[in-house]
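> Here it is: the structure, laid out below.
The values are calculated or read from the model by the stated rules, or taken from the named source; none is laboratory data. Just so it is clear, the model here is predicted, and its values are computed rather than measured. Neighbour counts run over all protein chains shown; Cβ positions are idealised from the backbone, glycine included. Heads up: the accessible areas ignore ligands, DNA and RNA and are worked out on the full protein's heavy atoms, side chains in. Shrake-Rupley method; radii C 1.70, N 1.55, O 1.52, S 1.80 Å.
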Amino acid sequence: MRCPSHYAIQARTFHFKHPAGTSRGIYTTRKSWLVTLKSADGKEGMGECAPLPALSCDCLPDYEERLHHFCQQLTETGSFPVEEMRIYPSMMFGLETALLHLQQGNPALFDTPWSRGEEGIPMNGLVWMGRIDEMMARIQQKLDEGFRCIKLKIGALGWKEESAMLQRIRRDYGKEEVELRVDANGGFTPEEVQGVLEELAAFDVHSIEQPIMAGQWDAMERLCSRSPVPIALDEELIGCHTKNERARLLDCIHPSYIVLKPSLHGGMHGVREWIMLARDRGIGSWITSALESNVGINAVAQLAASVYGPSVTLPQGLGTGMLYTDNIPYPLEMKGQKLWFKP
């Protein structure tokens, strides 16, 4: 096993091809820290540490200073303190990635059919918020590209307009032709959301992510127990760092699905723990990226292939890294709705 003896950190700002709109605001740039670990024999491994502003629990003013601290520990001891790093999920994910890359000697972090280039991972086609005509055009583009699972950001334009858009989609495409997922990013209030859920059921929507703001466990539990549409948790999982906290949340709310982002939900170690706890409770899951570059996207996909393999059937959310004009070249390729790794 190779151990890192040196490290380097590079701050990098990526630029979106088009503004990415959510109910929390619009992204035009994305800052990441790329960590390179180096071994005594000259081998290198790279990982991406990418906290999301105003969302990640470890998006801190002294982020880079703390990252240096953990990198120093890693080069001195050959490992990083998992328990200490639970509250720094984006750093954990980046260092896990870099260490695996270093040890494997290439970006194929786990030995799976996907990392051997034998299978692709199905993905949802993500459609960001925008004007209704823009979103309809983006939906058609995704369908033309071969996507059959479309994920729509909702909750900011006004439900009347968004409902009309979903009605238009279902008028042209039945649920057998197109699976619809919607992500509200907490954009609705507990008082208004029940009516929204009733309408979504009429559109045969697969699921809705985070319909109300995180932190309202009682309200979310009531929604999950009564909703005609399966509810998936995302932001709700942020800040649950220990196994006991995670189990308590799932036992209280009992959603249909959890949506896992390694950068937000505990790195690779945390995601595996979440999945184990969810499976024990009959709760489904899928993994998505969190606006990382191709370095992070590859690591998320490698993890998804490892935990859901040997063949991944449920569409994952791995497309956000394709949004940048200045992305890092990586052996990833889109063919239709599937992401492929080119070993």
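> If a residue has to be aliphatic (A, V, I, L, M), buried (at least 20 other Cβ atoms within 10 Å of the Cβ) and either without any contact (Cβ under 8 Å) to a residue 40 or more places away in the chain or over 19 Å from A304 (Cβ atoms) (or both) to count, how many in region 75-94 make the cut? Don't jump to the end; show me each part of the working.
As a first pass, look at region 75-94 and keep what is aliphatic (A, V, I, L, M): 82, 85, 87, 91-92.
Retained after the next criterion (residues that are buried (at least 20 other Cβ atoms within 10 Å of the Cβ)): 85, 91-92.
Then drop every residue that is not either without any contact (Cβ under 8 Å) to a residue 40 or more places away in the chain or over 19 Å from A304 (Cβ atoms) (or both), which leaves 85, 91.
Within region 75-94, residues that are aliphatic (A, V, I, L, M), buried (at least 20 other Cβ atoms within 10 Å of the Cβ) and either without any contact (Cβ under 8 Å) to a residue 40 or more places away in the chain or over 19 Å from A304 (Cβ atoms) (or both) number 2.
> Here's a follow-up. Considering every residue within region 117-129, establish whether at least one is of a type in the set (S, T, N, Q) and touching a Ser or Thr at 6+ places or on another chain (Cβ under 9 Å).
yes
> Could you tell me which of the residues T36, T28, T97 is more than 17 Å from I297 (Cβ to Cβ), touching an Asp or Glu at 6+ places or on another chain (Cβ under 9 Å) and polar (S, T, N, Q)?
Working: T28 fails: touching an Asp or Glu at 6+ places or on another chain (Cβ under 9 Å); T97 fails: more than 17 Å from I297 (Cβ to Cβ).
One residue alone meets the criteria, T36.
> Return only the number of the condition from (1) small (G, A, S); (2) more than 22 Å from L323 (Cα to Cα); (3) at pLDDT below 95; (4) open to solvent by less than 10 Å² (accessible area, probe 1.4 Å) that A98 does not satisfy.
Going through the list (1) small (G, A, S); (2) more than 22 Å from L323 (Cα to Cα); (3) at pLDDT below 95; (4) open to solvent by less than 10 Å² (accessible area, probe 1.4 Å), A98 breaks only (3).
> For residues that are over 23 Å from the mean Cα position of the chain (by Cα) and farther than 22 Å from Q316 by Cα, scanning just region 171-190, find the one that is modelled with the lowest pLDDT.
Initially, region 171-190 is screened for residues over 23 Å from the mean Cα position of the chain (by Cα), giving 171-177, 189-190.
Checking the rest, the ones that are also farther than 22 Å from Q316 by Cα come to 171-172, 189-190.
Numbers: R171: 92, D172: 89, T189: 94, P190: 94.
Once the filter is applied, the top-ranked residue is D172.
> Same structure, new question: Looking at region 191-209, which of its residues are surrounded by fewer than 18 Cβ atoms within 10 Å (Cβ to Cβ), within 20 Å of H254 (Cα to Cα) and at pLDDT 95 or above?
Listed by number, the residues that qualify are E198, A201.
> Filter region 151-179 down to the residues that are outside any loop (DSSP other than H, G, I, E, B), open to solvent by 40 Å² or more (accessible area, probe 1.4 Å) and in contact (Cβ under 8 Å) with a residue 60 or more places away in the chain and list them by number.
If the condition is that a residue be outside any loop (DSSP other than H, G, I, E, B), open to solvent by 40 Å² or more (accessible area, probe 1.4 Å) and in contact (Cβ under 8 Å) with a residue 60 or more places away in the chain, then E179 is the only one that fits.
> Based on this model, can you work out whether L260 counts as among the aliphatic types (A, V, I, L, M), closer than 30 Å to S293 by Cα and modelled with pLDDT under 95?
Considered against the rule, which asks whether it is among the aliphatic types (A, V, I, L, M), closer than 30 Å to S293 by Cα and modelled with pLDDT under 95, L260 comes out as no.
> Before we move on, is P113 at pLDDT 95 or above, under 21 Å from the mean Cα position of the chain (by Cα) and surrounded by 14 or more Cβ atoms within 10 Å (Cβ to Cβ)?
No.
> Name the single residue that is surrounded by the fewest Cβ atoms within 10 Å (Cβ to Cβ) among those in region 225-250 being among the acidic types (D, E) and in contact with a Leu (Cβ under 9 Å, 6 or more places away or on another chain).
E235
> Out of the strands (runs of 3 or more DSSP E) lying entirely within region 1-69, which hold 3 or more residues that are buried (at least 20 other Cβ atoms within 10 Å of the Cβ) and in contact with a Phe, Trp or Tyr (Cβ under 8 Å, 6 or more places away or on another chain)?
The qualifying strands (runs of 3 or more DSSP E) are 25-39, 44-49.
> While we're looking at this one, here's another question. Identify all residues within region 36-60 that are over 15 Å from the mean Cα position of the chain (by Cα), acidic (D, E) and modelled with pLDDT of 95 or more; write none if there are none.
E44, D58
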